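> Got a structure for you, questions after.
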Amino acid sequence: MFKKVLVAEDFSSVNKGIVTTLAPLGISKIEHVSYCDDAYLKIKKAEQDGDPFDLLLTDLSFKPDHRSQKLTSGHELATLLNTEHPTLPIIIFTHEDRMEKARMLSSIETVRAYVCKGRHGHSDLYTAVQEVAKGKPFYSEAVAPGLLKEPLLELTDFDITLLKQLSHGLLQDEISVYLKQVNMSPSSLSSVEKRLSKLKDHFGAKNSTQLVAVVKDLGII
């Protein structure tokens, strides 16, 4: 079982609930932070001190306040840690029960569990920690069926770039020019048109405006 766990959660009531939930597991040390930047710094320092964390448990959404942050979401935090600390397992504990969001997070190698807050949230979290400690993944019932199946379309960095530029109001030919400027391939207009067409089909969008609305609603961009 894990001995040292870091919890990134900005609501104290949720933090207390997590501590109560994990107490029977015999975890000797649980530390808390309210900001993703603080989580990242704590993980870096613990590693440097030779006393690393065994597990990170993080929410996805953090309410902005007066303090400026480089990392503003659990998604950004998990993505960065996946590169810099690839052996640190991560459990997502969130209200987000949208399938595409769960798929995107579960594609990050170090994200070992996706737990949805709600009626069964804490019991699922208890089970998730046990399963991850055994080297097994865990998904809450709300997202498990979709994650156990192959997604119809695997979203790539190229797709995210297209969607972001589309959301900024760029036309397809303008996106093609942008891709060439940032040296991203493929960058031809036909490639942009074909991929956006597939994305519209995947998300059931009739046009570019609806596509942007859907992916924003899903939290993809």
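The values are calculated or read from the model by the stated rules, or taken from the named source; none is laboratory data. No experiment lies behind these values; they were computed from the predicted model shown. Every residue, glycine as well, gets a Cβ built from its backbone with ideal geometry; the counts of neighbours run over all protein chains shown.
> Restricting attention to the stretch 25-45, which residues are buried (at least 17 other Cβ atoms within 10 Å of the Cβ) and more than 21 Å from T72 (Cβ to Cβ)?
Passing the criteria: I27, I30.
> Could you check the stretch 75-104 and list, in sequence order, the residues that are at pLDDT below 95, of a type in the set (A, V, I, L, M) and in contact with a strand residue (DSSP E or B) (Cβ under 8 Å, 6 or more places away or on another chain)?
If the condition is that a residue be at pLDDT below 95, of a type in the set (A, V, I, L, M) and in contact with a strand residue (DSSP E or B) (Cβ under 8 Å, 6 or more places away or on another chain), then A102 is the only one that fits.
> Taking V111, is it crowded, with 18+ Cβ neighbours inside 10 Å, over 11 Å from the mean Cα position of the chain (by Cα), β-branched (V, I, T) and closer than 22 Å to I43 by Cβ?
Taking the combined requirement at face value, the residue does not satisfy it.
> Here is a further query. Which residue pairs have Cβ atoms under 8 Å apart, sit 6 or more places apart or on different chains, and have a first residue in the stretch 67-83 that is loosely packed, with under 15 Cβ neighbours inside 10 Å and a second that is among the charged types (D, E, K, R)?
From residues that are loosely packed, with under 15 Cβ neighbours inside 10 Å, the pairs are Q69/D37; K70/D37.
> Just give me the residues in the stretch 181-202 being assigned to a helix (DSSP H, G or I), surrounded by 13 or more Cβ atoms within 10 Å (Cβ to Cβ) and free of Cβ contacts under 8 Å to residues at least 24 places away in the same chain, in sequence order.
L189, S191, E193, K200
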